Amino acid sequence: MLSTSFLRYAIYPLLVAILTLPSGLGQAQAHKQTDWPAYNGGLDGDHYSGLTQINRDNVHLLRQAWTYDTGEQGSIQTNPLIVGRTLYAYSPKTEVIALDAATGKLKWKFDSGIVAGQPARGVTYWNDGAHGRIYAAVMNFLFCLDAETGKLIPRFGESGRIDLRKGLGIDGVKTDFSALSIALTTPGVIYKDMIIVGGREPEAHPAPPGYIQAFDLRTGALRWVFHTIPLPGEPGYETWPKDAYKNAGAANNWTGMALDAEHGILYAPTGSAVMDFYGGDRIGNDLYADSLLALDANTGKRLWHFQGVHHDIWDRDFPSPPALFSIVRNGRRIDAIAQTTKQGYLYLFNRITGEPLFPIHELKYSASTVPGEVASLTQPKPDAPEPYARQQLTEDMLTTRTPEAHDLAVKTFRTFRNGGQFYPMSVGQQTVVFPGFDGGAEWGGPAIDPVHAVIYINATEMAWTGGLVPSTAGSPGEAVYQSQCAMCHGVDRAGSPPTFPSLVDIEKRMPADKVIDKIHQGVGRMPSFPNIEGERLNSLVSYLRSAGAAAPPKELQAAPAPAAASKPGADPAGEKVYSEQCAACHGDHMEGIAPSPQLVGLGARMNAAQTTDIVQKGKGQMPAMDVKGPELEALLRFLQVAPAVKSQDSNPEEWSNKYTFTGYRKFLDPDGYPAIAPPWGTLNAIDLKTSKYLWKVPLGNYPALAENGMTNTGTENYGGPVVTASGVLFIGATVYDHKLRAFDTATGKLLWETDLPFAGVATPSTYMIDGRQYVVIAASNARTPNAPQGGAYVAFALPETTSKQH
């Protein structure tokens, strides 16, 4: 049975081509034009094209058709749009460009005048019936351009643009929208006469709420808003502390969305709430962070949701737009949706009802030992499919690349805490996060063959570590650094190069005015921080330009002996009572040993009288204890229980700034390669009907290792695949080898590969003009700053004589 997704790709472009042909040319030439009209190919996000000219038999004949060199340095993550004969995309400096899609010749360029350093993954095209428009974001602004000329359309918003920050303010709380930080890094979705957007936001306080907003395509007027951090009276408000909405932030849709236009349903995955790694100020499940939202596209009303991570303290955002598909089960058609994750799970749902296609169970996980933190005791996991990335790092999985690398990996690994998925971080010791903070899956998203109901997912397998340290700033500038910068650059400013650069000795590399520019504008993965101004800005810059930070350590030097985890209370007498009376059931760190509950954060849930009653009378399987007088008082102090329940109403300074994240740290060997055994990156094919794997192959190589015979290791990869009706999958994505590859969708066999001038860290597009099929991809080297820099778009096609035969 053919799905509507297949029909859309196979028939809709054909009808458009017929209707736009000059009179008399007729149906025979209708196949000569096929667009790539929306981000990832279509509103359903399936990365699929019905084109068949390039197939398994001739893909090896592909040759470079044209190249457009932007002449700029920086990152290009753009999935280009192709409408008619024009390709629309971004340059590394976030200038919007229009190219002749058959030759690569520049037609026009739009420069907003804004210095932007954020990713730009694509633009949005809309035709009002008479004129085409391009909606292109630069930082917090959404511009409306004439698709033919690149000129601003002044009737849209304020002189051709709208400021996305204006809809994120909260009356009486966040009234100065100019201090808010948001960047639209992934293009919006068109529904009827609206464009619906999310945005990228900071990952630490202060951050605006990650509301989803819909705007009028003609005027730019705000049509509706969905509050991802609920206001009083809205469903989900009860999953946060009282009045949390006043200061909580993020829970934002940075990845992009998918749309079921037939049913009028928008699907928006969200990320974590701030601060990413400590939630003492947001006790609860924190809806609608880390959720797949199904919204009425007309009104923004929630239809259903699924939360993939409760009370996220691992930065486990849903990392990519979902993809829509249809299957037949027991003779009944099911319109479905697929959502990838950083942790390697693939969630599949009936997209109309939200019912899982395969069972999902809540599994129990460890409690947090961090004072003030209350981790969720359960997290969801689907029964099927099996995860597409390894789930827990063990010593026998460490690198054997060289004996020296292995020995050091083992030595370092033994200093880490390691408990698998959803294992809370601790104070004073690094905890393994595997798959790492970048997945698993990432922002490129999956591809789906709608005819055969097969999903293709590229994944990274990299171990990272993270931890918390008490916030002990010695100056106002250091306090700003710890709250805003240390998450990525580390408490010692050493970073984790090249992904997160070192700030040590930055005064020798960058003048103060350039530092300020980057703080306010952001760059690469770094968001903008317009809220850092005045004395806070001056003190931060002074701190960054002062001596005292440690020199950048090698990625895998032996870690220092782990500091003892902080005890919940600093009361030796109380600790003694707890150790003798309670630890056997509730754990040495009050983490709880099933079925006994955790006692971390007890003071935020119970007062002294309630606790005393349970201690002296018992409850459930807990017997009564003969603890009274000074012993009882000491135990209550240790448990941090007071006469009144400790308030965590809105975002108390006591909790929100208590701990600093030590920084993102990759687990690498001394030569910079992963300290775990391959594969370090994979490409996976999964049957959506049965949830079974059809094949899995490594994706990518390290050139230096390959030259010495160590091939098929896989590498980190960013950007997704594209699948065609002829059974060919195209993918770049690999960071180090600069390849564009073609695989057989049925077997995973490599059919063709070619070198790109830079890394193809983007999702390709495929289209047809004048009867010739093209595949185009963006290439840049921002993720490898020590390599030659540049940015280009490169298109491939069959030789013209071959194209005419198909």
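Taken over region 197-213, the criterion of being under 16 Å from Trp224 (Cβ atoms) and under 17 Å from the mean Cα position of the chain (by Cα) is satisfied by Val197, Gly198, Gly199, Pro209, Gly210, Tyr211, Ile212. With respect to (1) of a type in the set (A, V, I, L, M, F, W, C); (2) in contact with a strand residue (DSSP E or B) (Cβ under 7 Å, 6 or more places away or on another chain); (3) surrounded by 24 or more Cβ atoms within 10 Å (Cβ to Cβ); (4) under 21 Å from Asp517 (Cα atoms), the lone exception for Ile162 is condition (4). Only one of the listed residues (Gly709, Gly720) is surrounded by fewer than 18 Cβ atoms within 10 Å (Cβ to Cβ) and either part of a loop (DSSP other than H, G, I, E, B) or touching a residue at least 40 places away in the same chain (Cβ under 8 Å) (or both). That residue is Gly709. Taking Gly444 as the residue in question, decide whether it is touching a residue at least 40 places away in the same chain (Cβ under 8 Å), part of a loop (DSSP other than H, G, I, E, B) and out of contact with any Pro (no Cβ under 7 Å at 6 or more places or on another chain). Spelling it out, Gly444 is indeed touching a residue at least 40 places away in the same chain (Cβ under 8 Å), part of a loop (DSSP other than H, G, I, E, B) and out of contact with any Pro (no Cβ under 7 Å at 6 or more places or on another chain). In this structure, is Lys364 closer than 25 Å to Ile327 by Cα, open to solvent by 40 Å² or more (accessible area, probe 1.4 Å) and modelled with pLDDT of 95 or more? No: the conditions fail for Lys364.
Is it the case, given these coordinates, that Thr784 is of a type outside the set (Phe, Trp, Tyr), part of a loop (DSSP other than H, G, I, E, B), buried (at least 19 other Cβ atoms within 10 Å of the Cβ) and within 27 Å of the chain's Cα centre (by Cα)?
No: the conditions fail for Thr784.
Within region 659-674, restricting attention to residues that are outside any strand (DSSP E or B) and within 14 Å of Tyr702 (Cβ to Cβ), the residue that is least open to solvent (accessible area, probe 1.4 Å) is Asp669. Screening Arg332 with (1) open to solvent by 50 Å² or more (accessible area, probe 1.4 Å); (2) closer than 19 Å to Gly466 by Cα gives one miss only, at (2).
Filtering region 360-377 to residues that are touching a strand residue (DSSP E or B) at 6+ places or on another chain (Cβ under 7 Å) and in a loop (DSSP other than H, G, I, E, B) leaves Tyr365, Val370, Leu377.
Could we say that Val504 is buried (at least 18 other Cβ atoms within 10 Å of the Cβ) and part of a helix (DSSP H, G or I) here? Considered against the rule, which asks whether it is buried (at least 18 other Cβ atoms within 10 Å of the Cβ) and part of a helix (DSSP H, G or I), Val504 comes out as no.
Conditions (1) open to solvent by less than 20 Å² (accessible area, probe 1.4 Å); (2) touching a Lys or Arg at 6+ places or on another chain (Cβ under 6 Å); (3) more than 30 Å from Asp243 (Cα to Cα), marked per residue:
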site	(1), (2), (3)
Gly113	no, no, yes
Gly150	yes, no, yes
Ala179	no, no, no
Arg200	no, no, no
Gly210	yes, no, no
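Among Asn418, Asn330, which is the only one that is over 30 Å from Gly256 (Cβ atoms), touching a strand residue (DSSP E or B) at 6+ places or on another chain (Cβ under 6 Å) and not charged (D, E, K, R)? After applying the criteria, what remains is Asn418.
Within region 623-633, can one find any residue that is modelled with pLDDT under 85 and open to solvent by 20 Å² or more (accessible area, probe 1.4 Å)? Looking through region 623-633, none of the residues is modelled with pLDDT under 85 and open to solvent by 20 Å² or more (accessible area, probe 1.4 Å).
Would region 160-171 turn up any residue that is in contact with a helix residue (DSSP H, G or I) (Cβ under 7 Å, 6 or more places away or on another chain), closer than 22 Å to Pro209 by Cα, modelled with pLDDT under 95 and assigned to a strand (DSSP E or B)? The answer is yes, given that some residue of region 160-171 is in contact with a helix residue (DSSP H, G or I) (Cβ under 7 Å, 6 or more places away or on another chain), closer than 22 Å to Pro209 by Cα, modelled with pLDDT under 95 and assigned to a strand (DSSP E or B).
So is Ala214 of a type in the set (Gly, Ala, Ser), out of contact with any Asp or Glu (no Cβ under 7 Å at 6 or more places or on another chain), under 21 Å from Trp443 (Cα atoms) and touching a residue at least 24 places away in the same chain (Cβ under 8 Å) or not?
So Ala214 fails the test.
Would you point out the residue of region 282-307, among those that are open to solvent by less than 30 Å² (accessible area, probe 1.4 Å) and acidic (Asp, Glu), that is nearest to Ile212 (Cα to Cα)? By that ranking, first place goes to Asp290. Beta carbons closer than 6 Å, at least 6 apart along the sequence or on distinct chains, pair a first residue in region 390-403 that is open to solvent by 70 Å² or more (accessible area, probe 1.4 Å) with a second that is assigned to a loop (DSSP other than H, G, I, E, B) for Gln392/Gly420.
Working only within region 686-706, note down all residues that are of a type outside the set (Asp, Glu) and either in a strand (DSSP E or B) or free of Cβ contacts under 8 Å to residues at least 12 places away in the same chain (or both).
Answer for region 686-706, where residues must be of a type outside the set (Asp, Glu) and either in a strand (DSSP E or B) or free of Cβ contacts under 8 Å to residues at least 12 places away in the same chain (or both): Ile686, Thr690, Tyr693, Leu694, Trp695, Lys696, Val697, Pro698, Ala704.
Just one of the listed residues (Gly284, Gly300, Gly344) is part of a loop (DSSP other than H, G, I, E, B), touching a helix residue (DSSP H, G or I) at 6+ places or on another chain (Cβ under 8 Å) and on the phi > 0 side of the Ramachandran plot, and it is Gly284.
Let's see how each residue does on (1) assigned to a loop (DSSP other than H, G, I, E, B); (2) within 19 Å of Thr394 (Cα to Cα); (3) at pLDDT below 85; (4) open to solvent by less than 20 Å² (accessible area, probe 1.4 Å):
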{"position": "Pro424", "(1), (2), (3), (4)": "yes, yes, no, yes"}
{"position": "Asn458", "(1), (2), (3), (4)": "no, no, no, yes"}
{"position": "Met462", "(1), (2), (3), (4)": "yes, yes, no, yes"}
{"position": "Ala479", "(1), (2), (3), (4)": "no, no, yes, no"}
{"position": "Met487", "(1), (2), (3), (4)": "no, no, yes, yes"}
{"position": "Asp492", "(1), (2), (3), (4)": "yes, no, yes, no"}
{"position": "Pro498", "(1), (2), (3), (4)": "yes, no, yes, no"}
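For Ala561, are the conditions met, namely being modelled with pLDDT under 80, assigned to a loop (DSSP other than H, G, I, E, B) and in contact with a helix residue (DSSP H, G or I) (Cβ under 9 Å, 6 or more places away or on another chain)? No, not satisfied.
The values are calculated or read from the model by the stated rules, or taken from the named source; none is laboratory data. None of these values were measured; they are calculated from a predicted model. Backbone-built Cβ (ideal geometry, glycine too); neighbour counts: all protein chains shown. Keep in mind that these areas ignore ligands, DNA and RNA; they rest on the heavy atoms of the full protein, side chains included. Shrake-Rupley method; radii C 1.70, N 1.55, O 1.52, S 1.80 Å.
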